[in-house]
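Data block below; observations after.
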């Protein structure tokens, strides 16, 4: 009976020590995700401000319709490009996190 109690306590202590790095890993993964979202939000805001300034400059000087259309299409391409880059970055992070979790499961198995 005493041996069973010692084994149960040792198992409990061991499981808690294994669970702590897992929790730390999960919080690190969440932190990476939050950092990426924050960086992407800043990137979107910077592009929005840049394009707003370009449009405001049109009011200060005469600009032909062809140049305005060309600029407008370039802005749309910039938005599409940024969305694709951000989507790829989010997917890369998700794949990386999945790989880490799988590797961690294999190490503990």
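The values are calculated or read from the model by the stated rules, or taken from the named source; none is laboratory data. Just so you know, these numbers come straight off a predicted model, no measurement behind them. So basically every Cβ, Gly included, is an ideal-geometry build from the backbone, and we count neighbours across all protein chains shown.
Being in contact with a helix residue (DSSP H, G or I) (Cβ under 9 Å, 6 or more places away or on another chain), modelled with pLDDT under 95, surrounded by 12 or more Cβ atoms within 10 Å (Cβ to Cβ) and part of a helix (DSSP H, G or I) is the requirement here; does residue 55 meet it? So that I can check it myself, show each step before the final result.
Details: in contact with a helix residue (DSSP H, G or I) (Cβ under 9 Å, 6 or more places away or on another chain): yes; modelled with pLDDT under 95: yes; surrounded by 12 or more Cβ atoms within 10 Å (Cβ to Cβ): yes; part of a helix (DSSP H, G or I): yes.
Considered against the rule, which asks whether it is in contact with a helix residue (DSSP H, G or I) (Cβ under 9 Å, 6 or more places away or on another chain), modelled with pLDDT under 95, surrounded by 12 or more Cβ atoms within 10 Å (Cβ to Cβ) and part of a helix (DSSP H, G or I), residue 55 comes out as yes.
Quick check on the range 64-76. Is at least one of its residues outside any helix (DSSP H, G or I) and modelled with pLDDT of 90 or more? Before you say what the answer is, go through the steps one by one.
Narrowing the range 64-76 to residues outside any helix (DSSP H, G or I): 64.
Still in the list and also modelled with pLDDT of 90 or more: 64.
Yes - at least one qualifying residue is present in the range 64-76.
It is to be established whether one or more residues within the range 21-44 are at pLDDT 95 or above, over 17 Å from the mean Cα position of the chain (by Cα), over 21 Å from residue 102 (Cα atoms) and surrounded by 11 or more Cβ atoms within 10 Å (Cβ to Cβ).
No, that holds for no residue.
Can you tell me which residues in the range 83-100 are out of contact with any helix residue (DSSP H, G or I) (no Cβ under 8 Å at 6 or more places or on another chain) and farther than 28 Å from residue 48 by Cβ? Before you say what the answer is, go through the steps one by one.
So the first thing to find is which residues in the range 83-100 are out of contact with any helix residue (DSSP H, G or I) (no Cβ under 8 Å at 6 or more places or on another chain), and the list is 83-85, 87-88, 91-92, 94-96, 98-99.
Correct list: 95, 96, 98, 99.
Could you run through the range 80-109 and say how many residues are surrounded by 11 or more Cβ atoms within 10 Å (Cβ to Cβ) and over 18 Å from the mean Cα position of the chain (by Cα)?
1
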